[in-house]
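Reviewing the structure listed below.
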Amino acid sequence: MSEGKVHLSVDDDVATLVFDRPEARNAMTWAMYEQLAAHCRSLSDGGRIRVAVLRSASTEAFVAGTDITQFLDFADGDDGVAYERRIDEGIGLIERLPFPTVARIEGWAVGGGLAIATACDFRVAATNARFGVPIAKTLGNLLSPLNLTRQRAAWGLQPLRRMLLLAEVLDAQTALGCGYLHSVCDATALDAALAALVGRLRALAPITQRSSKEALRRLICHDVESMDDLIRACYGSDDFREGVRAFSEKRPPVWRGE
């Protein structure tokens, strides 16, 4: 499989970031994370950009997490702590963009893809969109405290419990009911719904939008407690190594609680 690409284009005052690795449902490689971070840094001064859209080049998935085969190289729990910090830094670049951001979602937005979507200010989705963090079923790892804090703020605690403890994947109507999505529509109407939302955002006061975004970010992310011990315990476990091997071998994992 290819390492994939994250493309950036600018049309007037709207920037568009496109995830492009359709053969792997846009599962993020290290190279894609680096490209995404570089694009966000290039946009971070704001300039004339009023809105950014994050979307997929295909219809099957927004982003189906991080490419799990990359975890085969992890040696111990410290690698997991370093990985979660790396992801937090990249997600933080999206979150700190000084203008409104909108995720356009079709298909899967899971794992790292859910983190990317959650970092956006708004999300519009097709009826086939699916959301989750099924790590209790797949890898046996743990999200960072910042990721958990952002997800709780966006979803509420009980839907997040369903995704984390039951490994449930939630549908678009459930996400709409939680307030996670701005709107849900048929895929054929998704671009029109996106354009309408972008138009509304472009018409409003940019300094107020920028300041409000940063104020809300500070409220959500203020004084988040370290969970390195919990992350290290998960990523350093035999269960995590089994989850990665099982995924690579396309078989169900056998959990032993060790």
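The values are calculated or read from the model by the stated rules, or taken from the named source; none is laboratory data. As the structure is a computational prediction, the values presented were derived from the model and not from experiment. Counting neighbours? That spans all protein chains shown, and the Cβs are built from the backbone with ideal geometry, glycine included. The area values use the complete protein model at the heavy-atom level, side chains included, leaving out ligands, DNA and RNA. Shrake-Rupley method; radii C 1.70, N 1.55, O 1.52, S 1.80 Å.
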Is the shape of the stretch 82-147 best called rounded, prolate or oblate, per the rule: a/c under 1.5 gives rounded, else a/b larger than b/c gives prolate, else oblate, with a ≥ b ≥ c the square roots of the Cα gyration tensor eigenvalues?
oblate
Which FRET efficiency, nearest 0.05, do ARG218 and ASP79 yield, Cβ-Cβ r, R0 25 Å?
0.25
Once Rh for the stretch 144-225 is found with the Kirkwood sum over Cα pairs, what is the Stokes-Einstein diffusion coefficient at 4 °C and 1.567 mPa s, in µm²/s?
86
Sticking to Cα atoms, compute the Rg of the stretch 56-200 to one decimal and its Dmax as the biggest Cα-Cα distance, whole number, in Å.
15.1, 48
Gain in length, TRP30 to ARG161, computed as 0.36 nm per residue apart minus the alpha-carbon separation, to one decimal in nm?
44.3 nm
With a 1.4 Å probe and all protein chains left in place, how much of the accessible area of the chain comes from carbon and sulfur atoms, in whole percent?
54
Averaged per residue, what accessible area in Å² does the stretch 185-258 show with a 1.4 Å probe, protein chains only?
66
Rounded to whole Å², per residue accessible area for the stretch 32-71 with a 1.4 Å probe reads 39
Kindly identify the chain as rounded, prolate or oblate by the Cα gyration tensor criterion: order the square roots of the eigenvalues as a ≥ b ≥ c, call it rounded if a/c is under 1.5, otherwise compare a/b with b/c, prolate if a/b is larger, else oblate.
prolate
Is the stretch 17-138 rounded, prolate or oblate when judged by the Cα gyration tensor, a ≥ b ≥ c being the square roots of its eigenvalues, rounded requiring a/c under 1.5 and prolate requiring a/b larger than b/c?
oblate
Setting aside same-chain residues fewer than 8 positions from LYS213, which aspartates and glutamates have a Cα under 13 Å from its Cα?
GLU95, ASP121
Additional length obtainable on full extension of the chain from LYS250 to ARG200, 0.36 nm per residue less Cα span:
13.5 nm
Here the Kirkwood hydrodynamic radius of the stretch 216-258, Cα-based and in Å, equals 12.5
Long-range amide H contacts for PHE62: which residues qualify at under 5 Å (H placed 1.01 Å from N, peptide plane, sequence gap of 5 or more or a different chain)?
GLU106, TRP108, ALA109
At a Cα cut-off below 19 Å, give the aspartates and glutamates reachable from LYS250, other chains included and same-chain residues fewer than 8 away excluded.
GLU23, ASP67, ASP73, ASP238, ASP239, GLU242
